[in-house]
Amino acid sequence: MNTKAYAFEQPITERPEIPARFGEDGGKFYYYYDQLADELDEDLTKRLKSQLDSLLIFAGLFAGVNSAFLALTLPMMSADPVDDTNALLLQLVKGGNATINSEADLPSATFTPPPAIYPVNILFAVSLTCALMSSFLAVLGQQWLSSFVGKWGPNAGG
């Protein structure tokens, strides 16, 4: 009900009486109810929007730092191809004494990553996934808020 009665513009100092029948009081109760509901909705949406903005900023910064650490630790999971190249070049320089006959003789064939690097990389990957999911959910929340304000907000017209 969008009553534009200017007689109701006074601030609420006491609770209006609920009419026994709809419209008995000329829409005064429902006008005040609409005003109060609009104020509460506006406060709720402002508060949620600021919280979601803060969450997005934190999640973005966290994901950036986490990605940097993940980029530093992921190469430790595999053998360095430079070691193979250096071993082959050393064999060529020494005159080919046939110390490397197959791929099994290359340094990368016997490479094993340090045991502590597995849990570190798993934690980095899981925390990055959580940061990205929280960002996704925060964006969904902001879209819902803008839809809520557009459909049911103070100036929605219905």
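The values are calculated or read from the model by the stated rules, or taken from the named source; none is laboratory data. This is a predicted model, so every value here is computed, not measured. Note that each Cβ is placed from the backbone with ideal geometry, even for glycine, and that neighbours are counted across all protein chains shown. Heavy atoms of the whole protein, side chains included, go into the accessibility calculation; ligands, DNA and RNA do not. Shrake-Rupley method; radii C 1.70, N 1.55, O 1.52, S 1.80 Å.
Taking the criterion of being part of a helix (DSSP H, G or I), more than 23 Å from the chain's Cα centre (by Cα) and aromatic (Phe, Trp, Tyr), would at least one residue in region 105-113 satisfy it? No, region 105-113 contains no residue that is part of a helix (DSSP H, G or I), more than 23 Å from the chain's Cα centre (by Cα) and aromatic (Phe, Trp, Tyr).
Is it the case that region 64-82 has a residue that's open to solvent by 60 Å² or more (accessible area, probe 1.4 Å) and either in a loop (DSSP other than H, G, I, E, B) or in contact with an Asp or Glu (Cβ under 7 Å, 6 or more places away or on another chain) (or both)? Yes; the residues of region 64-82 include at least one that is open to solvent by 60 Å² or more (accessible area, probe 1.4 Å) and either in a loop (DSSP other than H, G, I, E, B) or in contact with an Asp or Glu (Cβ under 7 Å, 6 or more places away or on another chain) (or both). Does region 94-110 hold any residues that are small (Gly, Ala, Ser), at negative phi and open to solvent by 50 Å² or more (accessible area, probe 1.4 Å), and which are they? Correct list: Ser102, Ala104, Ala109. Please specify each residue of region 121-131 satisfying the condition of being loosely packed, with under 15 Cβ neighbours inside 10 Å and touching a residue at least 24 places away in the same chain (Cβ under 8 Å). Across region 121-131, the qualifying residue is only Ala125.
Residue count for region 20-54 under the criterion of being closer than 15 Å to Leu145 by Cα and buried (at least 16 other Cβ atoms within 10 Å of the Cβ): the result is 3. Beta carbons closer than 7 Å, at least 6 apart along the sequence or on distinct chains, pair a first residue in region 135-148 that is touching a residue at least 40 places away in the same chain (Cβ under 8 Å) with a second that is open to solvent by 60 Å² or more (accessible area, probe 1.4 Å) and part of a helix (DSSP H, G or I) for Ala138/Leu55; Gln142/Lys49; Leu145/Lys49.
Can you tell which of Asn97, Asn2 is at pLDDT below 80 and within 39 Å of the chain's Cα centre (by Cα)? First the steps, then the outcome.
Details: Asn97 fails: within 39 Å of the chain's Cα centre (by Cα).
Result of the check over Asn97, Asn2: Asn2.
For region 84-93, check the following and say yes or no: at least one residue is open to solvent by less than 60 Å² (accessible area, probe 1.4 Å) and either in contact (Cβ under 8 Å) with a residue 40 or more places away in the chain or not in a helix (DSSP H, G or I) (or both). Scanning region 84-93, I find no residue that is open to solvent by less than 60 Å² (accessible area, probe 1.4 Å) and either in contact (Cβ under 8 Å) with a residue 40 or more places away in the chain or not in a helix (DSSP H, G or I) (or both), so the answer is no.
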